[in-house]
Every structure is written in structure tokens, then in C-alpha cells.
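A short worksheet on the structure shown next.
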Amino acid sequence: MLILVGSRGREVEVGSGTFHCPVCDVQRPYKHRRVGRYFTLYFIPLFQIQKLAEYVECQACHHVFPLEVLHKKSFPDPRRILAEVGRDLESGMTIQQVQTKLMNTGLREDVASKVIEVTAGSQRKVCPRCGSLYAESARFCVKCGSPLYDA
Ligand SMILES: [Zn+2]
Ligand SMILES: [Zn+2]
């Protein structure tokens, strides 16, 4: 009786989730796949003999990346953050709103405060009516409409 043994490559999905895709530059769903060479008996894969490749595939753009892409904490370009903080403060957002927005992008609280200080200086204006804090350049409180004075 002839026993058919052999080996073949086989791709298995070992995980999935969301990650920051370096190509799309936003959070995307991914699939983590492993390609291995399997020992086969009558063409049925029995066990893996050799690991051939392991990669992460973005489900939006279908680019593939090495596994490390999952562990890489990606931060947006610091110059982009500073420019955006400047715009937000000029448009009249409160210090607290800008701080919350920064922390939502993944910055630690102390880093967020530092970014605001670098952008807006340490001078603050405070709303006499509701107590909201603003950067120096703000003129009116967006929350209650009151004019602002130097803190
Ligand atoms: Zn992508
Ligand atoms: Zn106010």
C-alpha cells in the first residue's frame, strides 16, 4: 500500500484586531497571518514543520507589514500636533478642550500640557463668568460669551 506523504505551504489566520496602518495612516482592521510548511498525509496538513512567514495585513489597503507594526506605538507628526493646537486655541477652544483632544490622540496628560504650553505660552486668560481657561490670544469665552481678561 502506498502512503502518500509530503509537505505544502499553508496560510493560517492567527489573529485579528485593529492597528495603526502606516500606509492608510489611521486605525484599520488587520489580520495576522502565519504561513508555514506543513507535513501532509494524503494531502491533509498534519503539523507545521517550518515557519515560512508571519505578517500583518491591513484589511483596507491590503498592504502587508512585519509583526512589529502591532507593537509600534505610532504618534502623529509633532509639527502637525503643534500646528493643530495653535489653530484650535486661536479658534477659541478652551485649554481644557485642547488638552482633552490631545489626550484622546494618545498623549499622556503631562505631555499634552507641555505641548499646550509650548504653543500658547504660560499666560492664560480666565473667563470671569464660568472660569474656563484660554490662551492669551482668546478674546471671548466660547462657552458663555463673556469677554476675557488676563488671568
Ligand atoms: Zn492600510
Ligand atoms: Zn465663560
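The values are calculated or read from the model by the stated rules, or taken from the named source; none is laboratory data. Computed from a predicted model, the values in this text were never measured in an experiment. As a convention, Cβ positions derive from the backbone with ideal geometry for all residues, glycine included, and neighbour counts pool all protein chains shown. Protein only, heavy atoms only, side chains kept; ligands, DNA and RNA dropped before computing areas. Shrake-Rupley method; radii C 1.70, N 1.55, O 1.52, S 1.80 Å.
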Which condition does residue 46 not pass, out of (1) open to solvent by 40 Å² or more (accessible area, probe 1.4 Å); (2) touching a Gly at 6+ places or on another chain (Cβ under 9 Å), if it passes all the others? (2)
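Taking the conditions exactly as written (under 19 Å from residue 88 (Cβ atoms) and part of a helix (DSSP H, G or I)), does residue 115 satisfy them or not?
yes
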Checking the structure you have, find out if any residue of segment 60-75 is among the β-branched types (Val, Ile, Thr), touching a residue at least 24 places away in the same chain (Cβ under 8 Å) and more than 16 Å from ligand 1 (Cβ to nearest atom). no
Of everything in segment 120-151 that's polar (S, T, N, Q) and open to solvent by 50 Å² or more (accessible area, probe 1.4 Å), which residue is farthest from ligand 2 (Cβ to nearest atom)? 122
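Please specify each residue of segment 5-34 satisfying the condition of being surrounded by 15 or more Cβ atoms within 10 Å (Cβ to Cβ) and either assigned by TED's automatic domain parsing to the domain that holds residue 106 or touching a residue at least 24 places away in the same chain (Cβ under 8 Å) (or both).
Result: 7, 19, 20, 21, 28, 30, 31, 32, 33.
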Can you pull out every residue in segment 80-97 that is more than 18 Å from the chain's Cα centre (by Cα) and open to solvent by less than 60 Å² (accessible area, probe 1.4 Å)? 83, 86, 88, 89, 92, 93, 94, 95
